[in-house]
Amino acid sequence: MLLTRRATYRHRRNTGIERQRFEEITTIRRPFKAAAPTKEGPRANRDIRVPRVQLIDESGANRGEVSINDALSAAEEAGLDLVEISPNAQPPVVKILDLGKLKYANQKKAAEARKHQKTIEIKEIKMRPNIDSHDYEVKMKAVRRFFEEGDKVKLTLRFRGREMAHMELGMQLLNKVREETATIAKVEAEPKLEGRQMMMVLAPR
């Protein structure tokens with residue numbers, strides 16, 4: 001009787017282990033489902049999921065309120081796309097047009113806008129408090145050119161040795177620059193002293 005119970009226990013134990021191994025082998029894991037990519041631009045064709053729309057045909061004529069199926073059929077007959085141009089209207093306004101040409105035109109406009117955008121830079125002009133007239137004119141010519149190009153100008157005066165005892169010379173020089181450029185520039189940062197340097201920032205008008 002004891003032998004029979006032991007044999008039964010071993011049989012059940014072996015059967016359980018085999019079943020566990022079988023389940024581990026035959027378990028199929030579902031692959032991770034990536035999120036669907038987000039489409040850019042307006043909704044078009046079958047992506048327009050509303051029952052009724054206000055239809056503008058390929059010639060620009062207002063066809064009034066129609067079902068989405070009728071609008072899709074009209075676009076298909078014209079060999080063009082149905083594009084949603086006013087999604088917040090009630091009902092949404094759609095137009096029959098060439099979606100490829102629309103995307104190309106939008107990309108071209110964006111490229112033109114980027115081309116005409118200019119990054120404003122801060123150009124630094126360094127002077128000495130006792131700068132001579134020739135060097136001053138050369139520096140001022142550069143200052144005016146920077147303003148014409150739309151850039152800001154940071155004027156930096158550096159004092160050496162005994163020049164620190166005559167800070168008023170630096171202030172007089174910066175005020176002179178301010179007055180000579182008053183019609184084309186404005187002061188963005190008033191003159192201030194940092195260590196042995198006096199600085200002022202001008203921006204084009």
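Here is how the numbers come out for the structure above:
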{"quantity": "Which numbered condition Tyr104 fails, given (1) under 30 Å from Asn62 (Cβ atoms); (2) at pLDDT 90 or above; (3) surrounded by fewer than 16 Cβ atoms within 10 Å (Cβ to Cβ)", "calculated": "(2)"}
{"quantity": "Matching entry among Glu190, Glu168 (being part of a helix (DSSP H, G or I), at pLDDT below 95, out of contact with any Gly (no Cβ under 8 Å at 6 or more places or on another chain) and among the acidic types (Asp, Glu))", "calculated": "Glu168"}
{"quantity": "Residue within segment 141-150 that is over 13 Å from Glu124 (Cβ atoms), surrounded by 13 or more Cβ atoms within 10 Å (Cβ to Cβ) and within 31 Å of the chain's Cα centre (by Cα) present", "calculated": "yes"}
{"quantity": "Strands (runs of 3 or more DSSP E) lying entirely in segment 51-139 (those with 3 or more residues that are more than 29 Å from the chain's Cα centre (by Cα) and not small (Gly, Ala, Ser))", "calculated": "52-56, 62-67, 122-127"}
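Conditions (1) surrounded by 16 or more Cβ atoms within 10 Å (Cβ to Cβ); (2) closer than 20 Å to Leu202 by Cα, marked per residue:
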{"site": "Ala111", "(1), (2)": "no, no"}
{"site": "Arg114", "(1), (2)": "no, no"}
{"site": "Gln117", "(1), (2)": "no, no"}
{"site": "Arg128", "(1), (2)": "yes, yes"}
{"site": "Glu137", "(1), (2)": "no, yes"}
{"site": "Met164", "(1), (2)": "no, no"}
{"site": "Gly170", "(1), (2)": "yes, yes"}
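The values are calculated or read from the model by the stated rules, or taken from the named source; none is laboratory data. Because the structure is a prediction, the values reported are computed rather than measured. So basically every Cβ, Gly included, is an ideal-geometry build from the backbone, and we count neighbours across all protein chains shown.
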